[in-house]
Structure formats: structure tokens, C-alpha cells
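Remarks on the structure that follows.
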Amino acid sequence: MTPRECAALLAYVVRLDPRMSLDDQAAAADRLAQWCDLLSDVPATAHGWDAAKTARDYIARTPYRIQPSDVSRPWHAHKADMLARHVGTFEPTAHPNLDPDDIRGYRVALAADRHAVATGQQAPTTHRAITAGPAAAEVERRLAQLGTYVPRSVAQALTGYRPRRAERDRLAVEGAPDPLDVTCPYEHCRAGRGEPCRNNRRKPRAKAHPTRVDLAAERHYAPENAR
Ligand SMILES: [Zn+2]
């Protein structure tokens, strides 16, 4: 917080709790200096954080006079929570010029991202899926092949109604082999690409035949497929 933000916070606190009001100008200046010092590493606002709201909640909840630590402690807890949720995969769009082979550059960018999260300038990256580089492009290619005719958020909401499609999306996102990418080799089935395996009564099976799963895995991990 800048001294200006700190003064504004203190004025707000005094308005909410008149007991905090000081008639003595020198004492008020001392207290402001103390608050400024103790809250210098606490932002006024940040992602998911508002110092004024924290102070307000404290005054609303407790009968004790607020101290700078009643603002700084929640901030450090919030910061720790954000860092715990930040998994360290950074947004590629934020680092368009980064060479994937530049390990040092990667570390610096990662540290910068962590710093941005810690200071509340950036929301934590909480997803663990592949989101950057050639692997991400491959995921996008597979999803495009499956047809993204509904937005991803809607597709996720529909997951329960479209289990087969949801499963294919999941495999694509995880970079795992998809049995439906190959024709089923099982002689009594022979389901074509994109078609579910069928049982003896030609009804769709929930799971692909084991030989089809094996074939898809073989194709997926075969050396000639290696990128
Ligand atoms: Zn089959």
C-alpha cells in the first residue's frame, strides 16, 4: 500500500469505528506512519483481495480495535493460498517470445509469474492440463477434429449427457490414445473410426473392445508417430 492508500484505509477504519479517532495530530501522524510501514508489502487491492473489505469485515466481526496485523495477516494467508493453487504452468500468451529450449528464460518467466500471483497482479493458474507449446497445439488439433460445435464450457456442462464425446475430449486433452481413432479389429465388431464398438446384438458398448484399445495405443505411441 502506498502512504496515500494507507491514509485512505485508516480514514475508512476511523469512519467504521469512531473509537479509532485520534484528536492529537502528532499521535495520528505517528499511527499513520506505523500503519504505512507495516502495510507497505500489502496491496490495497489485488486479485481476490481488498484491504478495505478485510478491515471492514474485521470491524464487523470483532469488538477489538483493528491493528495493522489484522489486515496484513489475512493478506499473507491469501497470498499463500494463491501460490498453493498456482501450479506453475504459465500462460503462453504472457510470454510469446520465450524459446521452449531456453531453460533459464523459462525459470525467469516462471518466477515472474509466481511473483505476479504472490503480489495479486495475476490470478493463479490452477489447471494442470497441457496449455502451452507443441503439445497444446496437438490437443487443439485433436479437439478440432472431434468438432468443437459447442463452446467448451457448454460441452463440459453436457458431459453427463454425452459420455462418449466427453471421454474423447478427455483423452485428447490428456494426450492419451483414443480407441475411437481406429477401426475396431475385433472380427465380430469392426466398428469404424468414430463409431462405438458394438456387442453381439449390435448395441453400442460403453467400452471399446480390448484389441481396439491396444491398437489405438500402438498407433499412438509407435515410433513413426513420435513427434
Ligand atoms: Zn469393437
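The values are calculated or read from the model by the stated rules, or taken from the named source; none is laboratory data. No experiment lies behind these values; they were computed from the predicted model shown. Virtual Cβ from ideal backbone geometry, glycine too; neighbours counted across all protein chains shown. Areas reflect the complete protein model, heavy atoms only, side chains present, ligands, DNA and RNA absent. Shrake-Rupley method; radii C 1.70, N 1.55, O 1.52, S 1.80 Å.
Brief remarks follow.
- Modelled label positions at ALA217 and ASP81, each set 7 Å beyond Cα in the direction of Cβ, lie 4.2 nm from each other.
- Sequence of TYR221, TYR12 when ordered by accessible area, the most exposed leading, probe 1.4 angstrom: TYR221, TYR12
- LYS79 sits with roughly 60 Å² accessible to a 1.4 Å probe, with DNA, RNA and ligands left out of the calculation.
- Sorting SER40, SER69 on solvent-accessible area from highest to lowest, probe radius 1.4 Å, gives SER40, SER69.
- Calculated on alpha-carbon atoms, Rg and Dmax of region 3-72 in Å: 11.5, 36
- Annotation for region 177-215: trypsin sites (Lys or Arg not before Pro) lying in DSSP loop with at most 12 further Cβ atoms inside 10 Å of their Cβ are ARG193, ARG201, ARG202, LYS207.
- Computed in the context of the full set of protein chains, the accessible area of region 3-72 at 1.4 Å probe radius has 53% of its extent on carbon or sulfur.
- Amide hydrogen neighbours beyond the local backbone of ARG198, cut-off 5 Å, H modeled: ALA191, ARG205
- Per-residue Karplus couplings for region 200-211, computed as 6.51 cos²θ - 1.76 cosθ + 1.60 with θ equal to phi - 60°, are listed in order as 4, 9, 6, 8, x, 8, 5, 10, 6, 4, x, 5 Hz, Gly and Pro entered as x.
- 19 Å Cα-Cα reach of LYS79 towards lysines, excluding residues that sit fewer than 8 places from it in its own chain: LYS53
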